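Worksheet for the structure shown next.
The values are calculated or read from the model by the stated rules, or taken from the named source; none is laboratory data. Since the structure is predicted, the reported quantities are computational estimates derived from the model, not experimental observations. Quick reminder, even Gly has a Cβ in these numbers, built from the backbone with ideal geometry, and neighbours come from all protein chains shown. Heads up: the accessible areas ignore ligands, DNA and RNA and are worked out on the full protein's heavy atoms, side chains in. Shrake-Rupley method; radii C 1.70, N 1.55, O 1.52, S 1.80 Å.
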Amino acid sequence: QVRLVESGGGLVQAGGSLRLSCAASGRTISSYAMGWFRQAPGKERTFLAAITWSGGGAYYADSVKGRFTISRDNAKNTVYLQMNSLKPEDTAGYYCAARHGTIVTGRDLYDYWGQGTQVTVSS
């Protein structure tokens, strides 16, 4: 069983930056692909970014490509999401997820989820 805990969310002005962290416990995540998703009120949870188990490959949604960067430190059992040039439409709950195998975008294909951290971007 993998337990994931997100942190680093908060209130930021448009154009600002935040770095989210996802700390894993219960099992090492070094063999897991990791992803970040977000969910705004009344909307579906959508894919943002994913990274391979080694950190050697990543994939991004078009909406965040060039602004967000996913990374991981397997020694610390932690995954990160660096978010730059934030916009009010980035306001949402942000969730990390883990799965065995290759990186994918479908939320139903992830095995473990965190409880989320709220990001609010003011205009």
**Report entry** Failed condition for Asp108, given (1) part of a loop (DSSP other than H, G, I, E, B); (2) open to solvent by 70 Å² or more (accessible area, probe 1.4 Å)
**Finding:** (1)
Query raised in the report: Does the range 1-33 hold any residues that are at pLDDT below 95 and open to solvent by 30 Å² or more (accessible area, probe 1.4 Å), and which are they?
Result: Gln1, Ser25, Gly26, Arg27, Thr28, Ser30, Ser31
Query raised in the report: Taking Gly56, is it loosely packed, with under 13 Cβ neighbours inside 10 Å and touching a Leu at 6+ places or on another chain (Cβ under 8 Å)?
Result: no
Query raised in the report: Filter the range 111-123 for residues that are part of a loop (DSSP other than H, G, I, E, B) and out of contact with any Lys or Arg (no Cβ under 6 Å at 6 or more places or on another chain); which is most open to solvent (accessible area, probe 1.4 Å)?
Result: Gln115
Requested in this report: Go through the residues of the range 80-96 one by one and say whether even a single one is of a type in the set (Gly, Ala, Ser) and either free of Cβ contacts under 8 Å to residues at least 12 places away in the same chain or exposed (fewer than 13 other Cβ atoms within 10 Å of the Cβ) (or both).
Outcome: no
